Amino acid sequence: MLQVNFIRENKERVLAGLKTRNYAGARLEIVDQVLALDDRRKSTQTELDTILAANNKLSKEIGGLYKAGKRTEAEGLKAQVESQKGKVKELESAMRQIKEDLTNGLLEIPNVPNPKVPAGNTDEDNEVLQDWAGDLPDMGDKAQPHWELGEKYNLFDFGLGAKITGAGFPLFRGKGARLQRGLINFFLDEAHKAGYEEIIPPLLVNEDSARATGQLPDKEGQMYHATKDNLYLIPTAEVPVTNVYRDVIINEKDFPIKMTGHTPCFRREAGSYGKDTKGLNRVHQFDKVEIVQIVHPEKSYDVLQEMLNHVEGLLQKLELPYRILTLCGGDLGFTSALTYDFEVYSAAQKRWLEVSSVSNFETYQSNRLKVRYKGADKKTHLAHTLNGSALALARIVAALLENNQTEEGIKLPKALHSYVGMEVIC
RNA sequence: GGAGGAGUGGCAGAGCGGUUGAAUGCACUGGUCUUGAAAACCAGCAUAGGCGAGAGUCUAUCGGGGGUUCGAAUCCCUCCUCCUCCGCCA
């Protein structure tokens, strides 16, 4: 969430940001509401502190009086402090309520989009930052979509997944499973070479973690919830990996913090029935290698570019046609300031598939995470956090299968030969 | 799952109802000394919030939350985590 002081000092920017996200009318009032609550918080705090300070002072005097044996005087002061107790209780409970309201208000305000974020409502309005320069592969009418190829080469089985669990839980087998494993290793090795520390995190997280990276309360309905223990299945490795640094004050010279992790990701995808749900395009469980960086605020946009380059390098090694989009205000994630999406062209489906999302959250996440660093001025400041998929498996598999299908089988890109242990899936 | 023990500043570790936001040591930062370094010595060294132009000052925080009390790191309740033993088990 944003810091109240930031909102106070940059009210016009925040409002402009909300408008970029297509907020209008009454929805914009949240900003003033939050500022009013913060004013109340301050005045209540002052009032409470004044009484507490007086009480503390008297209590110390009482201690002194008892030592000196002046009981009667002490009793008098006791009564004086006691008479304030009701007021203190009242103010404390008011304070709790105000803080809760304030936090809830702040949770409703999304991150301020970077000026580069184009206006727009839906993914149709996303701006193509870098289009595919070459020709798109034309496989002709005989080209099979990946779900048919998967069946043909016995790579994955949706029916079995549905039998064991339910729709949207694919089961990979044989060469399909080896392809998955090879891709995971390839992505992790590339991240390792780029200086990311590998993390194998827990796959279930507690409420604090989910809240800190912003999945709660924003995406509550999208996560699987183990209610008995109140734990959430992670929708992305971003959650546990970023939370490594929750409540940590980082030494400035330890920047940049670079972490990567492979995990399965679990998403309920509530409300997205029908569209795009065929095959591996949208599933409840998929594997992903995520890269996360925690950096100095001045460096975060350079780092965003670095991460973009990393993802681009992966796609080049996989020899897949891709393009990069700048997400528009309407499509931009709640917590992000600037997001680039990578899309890969899927030749048989004749459409672009999103395979990576690289974002700079600036201080939006770190404010909740309380990830700070001590600056040269010896004060603590919020760090910037970024993350990106590098890459999401299921759709990469879809594109690899569709784009590389031949009479002899699926010809894998060179980079994967040693990882998958074969050159052609047949 | 059962029984017991413990959670204090970056770390170690005192304090166990009264000016203790917290002794001491280590680490760290600055200074003196030195050609330089080490050692020695001196000083500084938690986080968040309020008020203040600032110096500063007040408030809260000793795992989390609640309570008792004029006053709690210290007493009580509850939750969490860790350790030891028993049981079960990949």
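Taken over the range A:28-53, the criterion of being more than 8 Å from RNA strand B (Cβ to nearest atom) and over 14 Å from A:G105 (Cα atoms) is satisfied by A:T44, A:E47, A:I51. Being out of contact with any helix residue (DSSP H, G or I) (no Cβ under 7 Å at 6 or more places or on another chain), open to solvent by 80 Å² or more (accessible area, probe 1.4 Å) and not assigned by TED's automatic domain parsing to the domain that holds A:Y364 is a property that holds for A:K116. Taking the criterion of being surrounded by 18 or more Cβ atoms within 10 Å (Cβ to Cβ) and in a loop (DSSP other than H, G, I, E, B), the only residue of the range A:169-188 that qualifies is A:P170.
Only one of the listed residues (A:E100, A:E75) is under 34 Å from the mean Cα position of the chain (by Cα), in a helix (DSSP H, G or I), exposed (fewer than 14 other Cβ atoms within 10 Å of the Cβ) and not β-branched (V, I, T). That residue is A:E100. When each of A:E343, A:E298, A:E319, A:E290 is tested for being acidic (D, E) and in a loop (DSSP other than H, G, I, E, B), the lone residue that passes is A:E319. Residues in the range A:317-343 that are modelled with pLDDT of 95 or more and β-branched (V, I, T) were compared, and the one that is nearest to A:P297 (Cα to Cα) is A:T339. Within the range A:347-386, being open to solvent by less than 20 Å² (accessible area, probe 1.4 Å), touching a Ser or Thr at 6+ places or on another chain (Cβ under 9 Å) and under 30 Å from A:K278 (Cβ atoms) holds for A:L353, A:V355, A:S356, A:V358, A:S359. Of all residues in the range A:346-396, those satisfying the criterion of being part of a strand (DSSP E or B), more than 24 Å from A:A143 (Cβ to Cβ) and among the β-branched types (V, I, T) are A:V358, A:T380, A:T385.
The values are calculated or read from the model by the stated rules, or taken from the named source; none is laboratory data. Every value quoted in this text rests on a predicted model; they were computed, and no experiment measured them. Virtual Cβ from ideal backbone geometry, glycine too; neighbours counted across all protein chains shown. Just the protein is used for accessible areas: all its heavy atoms, side chains included, with ligands, DNA and RNA removed. Shrake-Rupley method; radii C 1.70, N 1.55, O 1.52, S 1.80 Å.
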